[in-house]
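The block underneath contains the structure these notes are about, expressed in structure tokens.
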Amino acid sequence: MSDAVTAATDGLGSLGRRTAVAAGASGLVVSMLAVPASAAPGEHPSLPTVDTAALAASARDALAVSPVVSVPTEATWAFDVPAITVVADPPPPPPAPAPAPSSSSRSAARAPIGAAAPASADGNAIVEIASRYVGVPYLWGGTTPDGFDCSGFTSYVFAQAGITLPRTSADQRYAGTEVPADQALPGDLVWSPGHVAIYAGGNLQVDSPQPGGTVQIREIYQSNPVFIRVG
């Protein structure tokens, strides 16, 4: 019988210790009765009060000084990017203007085809203007560089010098003053029935001859032509 009491008392004492440890872990203060292994049967001495908070003091101190880091699962990261301003390169400077041509180069430059001659142009200027259109095809009724007939050619050339001639060769016969052949000058009209040309000097004339031909400089082929000075 005494062996059974002793075993029960030892088990109760062990249970009391385990209960005290479990309670201390939860931070509770408990009082409980336990019979130590050395207690006599029938005796029930009271156990001292166990302060479980003191048991965990060192653990709480460690937690108090340790930082707590908590990152939620839905957290996002962001960082600031400084604004960048892109400035385009300045445009290149404009090219320097070309130097103005000298008076000598201007005088040497030839007027373009069809340019108006001054109203004071002399006969040589008329011949020079007429020579610009050498090679233009003959065209019946033509009065432009696209094609000339004989009187269309002479009226166009004189117009470039500021002189108006009648349209037809018949009317141009009386557009100026008739001069003797030995007194003819470049720029005079060379008229014959049905044809008119411009005298170039030296028994030469500039004219638009006939269909299939072109404006040309050639010898005067007419017999007894009339020379007419205009202006």
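Summary table
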item	result
Accessible surface of ARG229 - all protein chains present, 1.4 Å probe, nearest 10 Å²	80
Inter-label distance for SER192 and ALA125, nm, one decimal - labels placed 7 Å from Cα along Cα-to-Cβ	3.0
Area of TYR199 that stays accessible when all protein chains are in place (1.4 Å probe, Å², to 10)	30
Summed residue charge, Cβ within 10 Å of PHE227's Cβ, Lys/Arg positive, Asp/Glu negative	-2
Rounded to the nearest 10 Å², the accessible area of THR214 at probe 1.4 Å	60
Beta bridges by DSSP in region 117-231, antiparallel share as percent, to the nearest 5	95
Inter-label distance for ASN224 and ALA170, nm, one decimal - labels placed 7 Å from Cα along Cα-to-Cβ	2.1
Cut-off under 5 Å, modelled amide H: who pairs with VAL215 long-range	GLY135, VAL136, TYR138
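The values are calculated or read from the model by the stated rules, or taken from the named source; none is laboratory data. Note that the coordinates shown come from a computational prediction; the quantities given were computed from them, not determined experimentally. Backbone-built Cβ (ideal geometry, glycine too); neighbour counts: all protein chains shown. Side chains are part of the model used for accessible areas, which takes the heavy atoms of the whole protein and leaves out ligands, DNA and RNA. Shrake-Rupley method; radii C 1.70, N 1.55, O 1.52, S 1.80 Å.
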